[in-house]
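The values are calculated or read from the model by the stated rules, or taken from the named source; none is laboratory data. Not measured: the values here are computed from a predicted model. Glycine gets a Cβ as well: all are built from the backbone with ideal geometry, and neighbour counts include every protein chain shown.
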Amino acid sequence: MHFTGAHILSISQFDSNDVERLFKVADAMEPYARREKRTRVLDGAILGNLFFEPSTRTRVSFGCAFNLLGGHVRETSDIKASAISKGESLYDTARVISGYSDIVAMRHPTAGSVEEFARASRVPVVNAGDGPSEHPSQALLDLYTIRKELNIRGPVAGLRIAMVGDLKHGRTVHSLSKLLSLYRDIHFTLVSPRALAMPGDIVEHLRRAGHSVVETDNMEEGLHNNDTVYLTRIQEERFQSQQEADLYRGKFRLNQAIYTQHCKPNTVIMHPLPRDSRAEANELDNDMNEHPSLAIFRQTDNGVLIRMALFALVLGVADAVDKHAEEVGWYTAKRFRRVPSAEV
Ligand code: NCD
């Protein structure tokens, strides 16, 4: 892919060389994310951060990533507070916002909406989640995390991954499956209630690409013999009614005891977050919080690196970041672990 000026809408745009290029740039962002250095390479640039659906970490990490490169962020984070609630079309919003920004990150509840927006936009657009369809930056940060956690330096051939939960509506697992399909010999175990199974076209795509796919509704069986288990939340906002979502809440839970009994030692536990910690769901128990293989907060830290890399590449400054490097003058807490604690 030619990154400069490109819209980032779907994982289908990427090949494995693009992924390597992106990850190399992400690695180079570490000292900035750790506040060991600062850069003003995007000084003067403006990110339009448009979130028409709830978000905490994706919205804030896109914003922080842009700030860490020296750019400024303008945000709309409530559909009711935007003119879309007055009947404005995505086309008009795109024409307007792209006149104010150098790049846009956008999340919206409708599949295909970000692409529609991008067609009318005069600046590059990054898909931060379009309904149940795709979430490419999340998949990239997930793969980046998998590689770091498992100490894999290149392609992830032979990876064994279980995906658990609402695989029908979960855009993170849709994008991650497509991304993993670029590599060789991946073993997917897809654990979900039948009604929330991975869409057939994605399963077919994985099989056609030569990967092994096992589908089951038995979590304990599905947890065995994986390198990574990727949990997801029941996407209640995509159901017709709360009662329908309630049917599935709490069906799949992971805690310390289940992990010890059913997972291979050192199986990496991932979740795109938010985890549903209400008692009736409790899909990933707090008793795992200090577990060395729980990678969820390393995922969120890595998200900043990946989003910085995407911005730097799309705005054509990836090679100039260090030229603008400066000392950091304020107190900086050591909040990032250099290596997963599993390796310590
Ligand atoms: C996910 C999303 O919005 O798709 N969250 C995220 O971006 N990290 C997953 C979810 O909401 O369950």
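Miscellaneous remarks
- Segment 65-88: number of residues that are farther than 15 Å from Phe51 by Cα and in contact (Cβ under 8 Å) with a residue 24 or more places away in the chain: 7
- Of the criteria (1) in contact with a strand residue (DSSP E or B) (Cβ under 6 Å, 6 or more places away or on another chain); (2) surrounded by fewer than 22 Cβ atoms within 10 Å (Cβ to Cβ), which one Asp15 fails: (1)
- On the stretch given as segment 89-122, residues that are β-branched (Val, Ile, Thr), surrounded by fewer than 22 Cβ atoms within 10 Å (Cβ to Cβ) and more than 16 Å from Phe52 (Cβ to Cβ) total 0.
- Single condition Leu305 does not satisfy, out of (1) surrounded by 18 or more Cβ atoms within 10 Å (Cβ to Cβ); (2) farther than 27 Å from Arg35 by Cβ: (2)
- When Val213 is tested against the conditions (1) away from the ligand (no atom under 16 Å from the Cβ); (2) in contact with a Leu (Cβ under 9 Å, 6 or more places away or on another chain); (3) assigned to a helix (DSSP H, G or I), the lone failure is (3).
- Some residue of segment 218-227 being part of a helix (DSSP H, G or I) and either among the polar types (S, T, N, Q) or within 16 Å of the ligand (Cβ to nearest atom) (or both): no
- Contact map, segment 202-222: residues that are without any contact (Cβ under 8 Å) to a residue 40 or more places away in the chain and outside the structural domain of Ala157 (by TED's automatic domain parsing) paired with residues that are in a helix (DSSP H, G or I) and not basic (Lys, Arg), Cβ distance under 7 Å, separation 6+ or inter-chain. No pairs are found.
- Flag if Val314 is touching a residue at least 40 places away in the same chain (Cβ under 8 Å), in the same structural domain as Val123 (by TED's automatic domain parsing) and under 13 Å from Leu68 (Cα atoms): no
- Test: residue in segment 170-179 that is among the aliphatic types (A, V, I, L, M), buried (at least 24 other Cβ atoms within 10 Å of the Cβ) and assigned to a helix (DSSP H, G or I): yes
- Being closer than 15 Å to Gln138 by Cα and in the same structural domain as Ala312 (by TED's automatic domain parsing) holds for only one residue in Arg74, Arg57, and it is Arg57.
- Hits in segment 292-328 (condition: outside any helix (DSSP H, G or I) and touching a strand residue (DSSP E or B) at 6+ places or on another chain (Cβ under 7 Å)): Ser293, Leu294, Ala295, Leu315, Val321, Ala325, Glu326, Val328
- Residue match in segment 261-268 (condition: more than 21 Å from Gln299 (Cβ to Cβ) and within 12 Å of the ligand (Cβ to nearest atom)): no
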